[in-house]
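Comments concern the structure below.
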Amino acid sequence: MKTVTVVGASLAGLYAARALREQGFDGRLVVIGDEPHRPYDRPPLSKDFLAGKIEADVLALEGPDDSLEADWRLGSVATALDRTAREVVLAGGERIASDGVVVATGARARSLAESGDLAGVHVLRTLDDAHALKVELVPGARLVVIGAGFIGGEVASTAKALGLDVTVVEAMPTPLAGPLGVEMGAVVSGLHEDHGVRLRCGVGVRSLVGRGNVEGVELADGTLLPADVVVVGIGATPNTEWLAQSGVQLGNGVECDRQGRTSLPGVVAVGDCASWHEPRLGRPHRVEHWTGAMERPAVAVASLLRGPDSGSSPTDGGDSKIPYFWSDQYDVRIQFAGHAAQADSVTIEEGSAESRSLLAVYRRGDVPVAALAMNQARLFGRWRRQLNAAASA
Amino acid sequence: MIRVCPVSALSPGESLRVDAEPPIAVFHTEDGEILAIDDTCTHQDASLADGWLEGCEVECPLHGSRFNLRTGRVDAPPAKKPVRTHDVVIEDDHIYVELSDEEPNLPPGVTLGSRS
Ligand SMILES: Cc1cc2nc3c(=O)[nH]c(=O)nc-3n(C[C@H](O)[C@H](O)[C@H](O)COP(=O)(O)OP(=O)(O)OC[C@H]3O[C@@H](n4cnc5c(N)ncnc54)[C@H](O)[C@@H]3O)c2cc1C
Ligand code: FES
């Protein structure tokens with residue numbers, strides 16, 4: 001391979017570029033990113049950065065030892081992948097001939113159709129989003145967070161600590177029921193009320209009201225929640241539109257086998273935009289967690305460099321690790337590994353729901369399939385290892 | 001010197017956190033070595049004593065950075081800075097830590113005294 005182009009210059013793109021060099025690729029390496037910034041870390045955007053504890057410079061993902069000798073195209077949008085010519089097409093028309101392509105375009109925050117263009121309504125995905133939100137998080141302001149997922153939960157927790165009056169609204173009856181299951185979703189989202197943040201569940205948003213600036217959130221049951229600032233945290237959509245005509249198979253993200261190979265030879269996908277085949281669920285599964293975006297590029301790059309005759313069936317080999325993520329809310333570190341959807345029971349093995357310090361194990365029959373911890377990092381680490389060992393056996 | 005505990009209280013494969021400023025993590029490796037480093041990961045705020053000990057390396061429980069316990073060197077990212085190491089002295093079957101006088105590499109956002 002002479003040229004490999006990495007599209008998306010964030011966590012997964014950077015780790016793909018590093019993996020290419022580490023695995024001996026010495027050809028031309030092009031990295032395309034539509035944001036003007038060098039790769040930066042997103043998790044602190046809802047935590048320490050939003051809280052004002054750290055500055056933007058410490059979000060840099062690259063270190064002093066990075067010597068990728070890559071051709072960085074920052075502020076450039078990839079608009080298409082031309083499979084016949086094997087070219088990545090940039091806005092403006094430039095075409096980059098590429099023998100290999102790593103798709104790492106991530107995801108973008110979903111917005112609320114109802115929000116119109118009122119000022120004071122935010123999503124949180126990028127550094128620019130975080131800057132814009134941060135200046136509005138002033139003590140005493142009324143914040144309504146729409147969506148009690150992890151990002152919504154973290155924003156609520158950070159804003160509360162900054163002295164805002166915070167309400168979280170969630171359309172589902174139990175927050176986090178998807179990732180954590182109903183039982184543990186209720187325990188983790190109980191943190192809001194513990195800390196004086198109001199949580200309204202099972203009611204959707206009808207409209208955002210205000211003139212110029214947002215003034216309130218009207219719920220489906222007619223309640224009007226006054227608001228000076230609104231954060232919409234209702235999930236993310238994979239950035240795959242640019243591949244629509246490419247012939248790469250798309251579903252909920254770029255569909256890949258267990259090594260990150262897409263339906264087009266020479267094209268792999270990693271990170272939040274990618275839906276790798278998940279044997280435990282028997283289908284492609286898009287994972288939107290930091291650790292997967294960091295670890296999987298090495299697997300995908302290896303399969304890319306091995307070339308088309310690395311053969312084997314689409315479900316062979318590859319990444320057998322179970323997905324892992326963490327979230328920091330209030331003073332609690334939440335860690336989860338596995339798939340809650342596989343489980344038919346969950347038991348607290350250590351600590352208790354009331355103390356907000358616990359280790360819970362999810363099982364299907366007798367077999368552990370996932371683990372959740374609240375402030376139990378050591379025990380969680382052991383469980384995660386065991387689950388991974390069982391998964392690769 | 002900080003008195004940690006009797007050697008017999010820290011079995012091979014185990015680690016413990018000492019509440020100093022900043023906190024210290026003490027490890028007893030499977031090979032019988034006792035080693036001490038700053039407890040706080042240099043990447044973000046996580047306790048390395050809660051990490052996974054393998055050989056003479058610890059893996060951070062939050063994002064998996066690996067640090068060499070003898071040298072403090074980063075063996076796997078995302079951490080970029082080494083962790084400070086401390087000398088360990090065994091006297092009368094007790095573990096003592098001689099605090100390093102180098103500057104600690106605390107993660108951004110964590111300062112001395114900021115942790116509860
Ligand atoms: C506020 C926040 C907090 C988070 N907290 C946690 C946490 O606590 N724990 C956890 O596990 N995960 C967390 N995450 C998730 C984690 O940050 C993501 O999983 C990770 O960023 C995914 O990396 P990625 O490189 O795949 O995608 P992204 O980081 O989304 O990067 C994709 C990049 O590609 C660019 N791009 C998109 N389309 C194009 C195009 N056509 N041409 C060129 N460039 C393009 C995008 O602009 C972006 O820069 C958090 C995310 C956010 C936003
Ligand atoms: S906190 Fe240790 S690796 Fe991130």
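A few points about this structure:
- Cross-chain or 6+ apart pairs with Cβ under 6 Å, the range A:25-40 first and assigned by TED's automatic domain parsing to the domain that holds A:L14 and more than 8 Å from A:L74 (Cα to Cα), then of a type in the set (S, T, N, Q) and buried (at least 20 other Cβ atoms within 10 Å of the Cβ): A:V30/A:T5; A:P39/A:S10
- B:D19 satisfies every condition listed in (1) more than 13 Å from every other protein chain (Cβ to nearest Cβ); (2) under 13 Å from the mean Cα position of the chain (by Cα); (3) in contact (Cβ under 8 Å) with a residue 12 or more places away in the chain; (4) away from ligand 2 (no atom under 16 Å from the Cβ) except (3).
- Of the residues screened, B:V74 is not one that is within 11 Å of ligand 2 (Cβ to nearest atom), within 24 Å of A:L45 (Cα to Cα) and within 10 Å of another protein chain (Cβ to nearest Cβ).
- Here B:V89 meets each of (1) closer than 23 Å to B:C5 by Cα; (2) near ligand 2 (Cβ under 9 Å from one of its atoms); (3) among the β-branched types (V, I, T) with one exception, condition (2).
- Filter result (within 14 Å of chain B (Cβ to nearest Cβ) and loosely packed, with under 15 Cβ neighbours inside 10 Å) within the range A:333-356: A:E350
- Filter result for B:E30 (more than 16 Å from ligand 1 (Cβ to nearest atom), touching a His at 6+ places or on another chain (Cβ under 6 Å), at pLDDT 95 or above and closer than 24 Å to A:R384 by Cα): no
- Test: residue in the range B:89-96 that is within 16 Å of ligand 1 (Cβ to nearest atom) and touching a Cys at 6+ places or on another chain (Cβ under 8 Å): no
- Evaluation of B:E102 against (1) within 14 Å of chain A (Cβ to nearest Cβ); (2) within 23 Å of A:V58 (Cα to Cα); (3) among the charged types (D, E, K, R); (4) surrounded by fewer than 23 Cβ atoms within 10 Å (Cβ to Cβ) (one fails), failing number: (1)
- Hits in the range A:96-136 - residues which are in contact with a Gly (Cβ under 9 Å, 6 or more places away or on another chain) and within 10 Å of ligand 1 (Cβ to nearest atom): A:V103, A:A104, A:T105, A:G106, A:A107, A:A109, A:V123, A:L124, A:R125
- The one condition in (1) of a type outside the set (S, T, Y); (2) over 25 Å from A:V270 (Cα atoms); (3) in a loop (DSSP other than H, G, I, E, B) that A:G181 fails to fulfil: (3)
- Residue that is surrounded by the most Cβ atoms within 10 Å (Cβ to Cβ) [pool: residues in the range B:77-86 that are more than 12 Å from ligand 2 (Cβ to nearest atom) and more than 14 Å from every other protein chain (Cβ to nearest Cβ)]: B:H86
- Residue match in the range A:149-161 (condition: away from every other protein chain (no Cβ under 14 Å), surrounded by fewer than 20 Cβ atoms within 10 Å (Cβ to Cβ) and part of a loop (DSSP other than H, G, I, E, B)): no
- Hey, A:V123 crowded, with 18+ Cβ neighbours inside 10 Å and within 26 Å of A:A340 (Cβ to Cβ) or not: yes
- Of residues in the range B:23-70 being in a strand (DSSP E or B), polar (S, T, N, Q) and surrounded by fewer than 23 Cβ atoms within 10 Å (Cβ to Cβ), the one nearest to the other protein chains (Cβ to nearest Cβ): B:S47
- When restricted to residues that are more than 17 Å from A:D66 (Cα to Cα), part of a loop (DSSP other than H, G, I, E, B) and in contact with a strand residue (DSSP E or B) (Cβ under 8 Å, 6 or more places away or on another chain), the range A:20-53 contains 4.
The values are calculated or read from the model by the stated rules, or taken from the named source; none is laboratory data. Owing to the predicted nature of the structure, the values given are computational and were not obtained by experimental measurement. Every residue, glycine among them, receives a Cβ derived from its backbone with ideal geometry; neighbour counts consider all protein chains shown.
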